DNA sequence: CTTGACCTTACCCTCACTGGAAGGTCTATA
DNA sequence: TATAGACCTTCCAGTGAGGGTAAGGTCAAG
């Protein structure tokens, strides 16, 4: 059993974030006699689980679902796989979007003289005068 | 001169967004006698400029800067180019992050049976039992 | 004269936190 | 015992970029 500072060190999550996870009912620690939060090893596992899933790009609600599957010894791995597969698709879409964005911007920047004169194809494009 | 509905159609921006841009002092239209917003062609140009820059991934503050350069006939194209170049670098970083994320998730999903049994390497990874 | 489309402001909601203020508690040292 | 400083608590407000909804004013058509 440890208080929030140690929990923060162990999980690499800011204390603010840990309190927030309690507020939204993700991880609810015990309280010591003085009112301090008191985290068990189980709580720490859950916080680490959250830290990892969040850094993999799962939303809080997805994390909540994954956490409930994590807690459920009878879960079907198919359920978890489906969530992961969806997420891969989502990431693919984002990468595609960003790549197209990059191409457009790069073209604009490459075609811009970049001198002290006002003539600028980037601005022209944004203004729509060349589109 | 037109009211906000027509401006919305012409610029493909929701009216909410157009009002928001006025609130943050990006585009300030005239007002008709009845209190309705009244957009000039100049306003429409600016809104379109914003629509394009936002969809290219510029933040509102970057848009504000670009817009001021757009309005400034004596701007140096180097200023605009620098902003665009920074943005390309930023997009590159995001793509890289997403790709690494995708690799991790894909590996996890591929190694998961996806059946009705509880055994699941995705959950194991998130739990840190294999890390 | 009424209906419905359009417009106005004003307020709270989102997501996932982050920052700060005001105050209580704990531990070490003088 | 006093006190300094590190830690903890709750509460309030803000971020970015809008979205939702309500209550009400205005306008054009039938």
Go through B:46, B:42 for me and flag whichever is part of a helix (DSSP H, G or I), surrounded by fewer than 13 Cβ atoms within 10 Å (Cβ to Cβ) and modelled with pLDDT of 90 or more. B:42
Give the range A:65-79 a look and list any residue that's more than 10 Å from residue B:123 (Cβ to Cβ), in a helix (DSSP H, G or I) and at the interface with chain B (Cβ under 7 Å from one of its Cβ atoms), or say none. A:78
Just give me the residues in the range B:57-69 being without any contact (Cβ under 8 Å) to a residue 24 or more places away in the chain and away from DNA strand C (no atom under 16 Å from the Cβ), in sequence order. B:61, B:65, B:66, B:68, B:69
Within the range B:1-27, considering residues that are within 9 Å of DNA strand C (Cβ to nearest atom) and outside any helix (DSSP H, G or I), the one surrounded by the fewest Cβ atoms within 10 Å (Cβ to Cβ): B:3
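This table checks each residue for (1) within 13 Å of DNA strand D (Cβ to nearest atom); (2) out of contact with any strand residue (DSSP E or B) (no Cβ under 8 Å at 6 or more places or on another chain); (3) more than 20 Å from residue A:97 (Cβ to Cβ).
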| site | (1), (2), (3) |
| --- | --- |
| B:7 | no, no, yes |
| B:12 | yes, yes, no |
| B:20 | yes, yes, yes |
| B:24 | yes, yes, yes |
| B:39 | no, no, yes |
| B:47 | yes, no, yes |
| B:70 | no, yes, yes |
| B:75 | no, yes, yes |
Taking into account only those residues within the range A:120-131 that are surrounded by 12 or more Cβ atoms within 10 Å (Cβ to Cβ) and in a loop (DSSP other than H, G, I, E, B), which is farthest from the other protein chains (Cβ to nearest Cβ)? A:128
Per the filter on the range A:100-119, residues more than 7 Å from chain B (Cβ to nearest Cβ) and touching a helix residue (DSSP H, G or I) at 6+ places or on another chain (Cβ under 8 Å) are A:111
Determine if the range B:53-61 includes at least one residue that is away from chain A (no Cβ under 11 Å), in a helix (DSSP H, G or I) and within 16 Å of DNA strand D (Cβ to nearest atom). yes
Among (1) part of a helix (DSSP H, G or I); (2) modelled with pLDDT under 90; (3) touching a helix residue (DSSP H, G or I) at 6+ places or on another chain (Cβ under 6 Å), the one test that residue B:97 misses: (3)
Of these, B:30, B:82, which one is loosely packed, with under 13 Cβ neighbours inside 10 Å and either within 24 Å of residue A:114 (Cα to Cα) or in contact with a strand residue (DSSP E or B) (Cβ under 7 Å, 6 or more places away or on another chain) (or both)? B:30
Of the criteria (1) assigned to a helix (DSSP H, G or I); (2) within 16 Å of DNA strand C (Cβ to nearest atom); (3) more than 14 Å from chain A (Cβ to nearest Cβ), which one residue B:35 fails: (1)
Does residue A:42 meet the test of being farther than 26 Å from residue B:115 by Cα and within 11 Å of chain B (Cβ to nearest Cβ)? no
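The values are calculated or read from the model by the stated rules, or taken from the named source; none is laboratory data. Because the structure is a prediction, the values reported are computed rather than measured. FYI the Cβ positions are ideal-geometry reconstructions off the backbone, even for glycines, and counts take in every protein chain you see.
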